[in-house]
Ligand code: NAI
C-alpha cells in the first residue's frame with residue numbers, strides 16, 4: 001500500500017472543531033505537516049500546541065472560506081511560510097435547520113457560500129498555485145449523504161452538498177491533466193456541534209433506527225477513507241464519492 005504521507009503539506013478548513021479538528025489530527029499522526037485553518041486564530045492555538053507536543057508539525061492559519069480576499073491572503077501567507085499545500089481538505093461547513101418556508105435569503109447565502117462557494121474558492125486557489133509550481137495534489141471535499149438523498153428542514157444544506165459533489169467531479173475532470181485529484185467524502189450522521197442536540201433527540205434516535213448498522217458514525221470511521229484519498233493508495237481515484245454512513249444511503253425504502 002502506498003500510504004506514505006511524509007513530506008506532504010495539508011490545509012484543513014474549519015479545523016477548530018468537530019470533524020475538521022479530527023482530520024487535522026489524523027493527518028498529523030500520519031506524518032503530514034498540517035495547517036489548521038479557521039476564522040479565528042485564537043481557537044486553534046491549543047490544538048496546534050497539542051499536536052506539536054506529540055512531535056507533529058502543525059501550524060495555524062486565519063481563513064474565512066466565504067471571502068475570496070481572505071482565501072488569497074491565507075494562501076499567500078502559507079506559500080511564503082511553508083510552501084503550497086498539496087493536500088486540501090475542504091471541511092468548513094454550516095447548516096441552518098428550518099423548514100424550507102422558514103429559510104430566508106440570509107440562511108441560503110450563509111449555507112451555500114460556506115459549503116459550496118467556499119470549497120470552490122479554496123480548491124481553485126490551491127490548484128492555481130500547484131499548477132504554477134508544476135506539482136500534483138489531492139483535494140478532498142467533505143460533502144454529505146444529504147448531497148445524494150434529502151432530509152427535511154435542511155433544503156439549502158442538501159442543495160449545497162449536492163452542488164459540492166458535482167463540483168468535485170467537474171474539477172476532477174479539468175485537473176486530472178495537472179496531477180491534481182479531487183474526490184469527495186460523504187459522511188453519514190456523526191455527532192458534532194453541527195447536529196449533537198438533534199441526534200440526541202427523539203427524532204435523532206428514530207433516525208438512528210433507520211441506519212442499517214444501527215449507530216451513528218464516529219469521527220475515526222472517516223480515517224481510512226481520508227488517508228486513502230490523500231495518499232498514493234488512491235492514486236487512480238479522482239471524481240469519486242466515498243459514502244461513510246453505516247449503510248444509511250442504502251436503507252430500505
Ligand atoms: P462543526 O460545526 O463542528 O464544524 C464546522 C467548522 O466549519 C467549524 O469549525 C466552523 O467554525 C467552520 N466554518 C464555518 N464557516 C466557516 C467559514 N466561513 N470559514 C472557515 N471556517 C468556517 O461541524 P462538523 O460536523 O465537524 O462539520 C464539518 C463538515 O462535515 C461540514 O462540511 C459538514 O457539512 C460535514 N458533515 C458533517 C456531518 C455530521 O454528521 N457531523 C455529516 C456529513 C457532513
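Coordinate-derived values only; no laboratory data. Every value quoted in this text rests on a predicted model; they were computed, and no experiment measured them. In this analysis, Cβ positions are derived from the backbone assuming ideal geometry, glycine residues included, and neighbour counts consider all displayed protein chains.
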Check: Which of the residues belonging to the range 109-139 are at negative phi and part of a loop (DSSP other than H, G, I, E, B)?
Finding: 133, 135, 136
Notebook entry, point to check: If residue 193 satisfies every condition in (1) loosely packed, with under 13 Cβ neighbours inside 10 Å; (2) under 30 Å from residue 132 (Cβ atoms) but one, which is the exception?
Noted result: (2)
Next item on the list: For residues that are crowded, with 18+ Cβ neighbours inside 10 Å and over 14 Å from the mean Cα position of the chain (by Cα), tally how many sit in the range 128-147.
Entry: 4
Notebook entry, point to check: How about the range 21-41: which of its residues are touching a residue at least 40 places away in the same chain (Cβ under 8 Å), more than 14 Å from residue 224 (Cα to Cα) and surrounded by fewer than 21 Cβ atoms within 10 Å (Cβ to Cβ)?
Noted result: 33
Item checked: Cβ pairs under 8 Å, 6+ apart, first in the range 232-253 and touching a residue at least 40 places away in the same chain (Cβ under 8 Å) and at positive phi, second surrounded by fewer than 16 Cβ atoms within 10 Å (Cβ to Cβ) and not in a helix (DSSP H, G or I) -> 246/212; 246/213; 246/214; 246/215
Checklist line | Test for residue 112: is it without any contact (Cβ under 8 Å) to a residue 40 or more places away in the chain and more than 9 Å from the ligand (Cβ to nearest atom) | finding: no
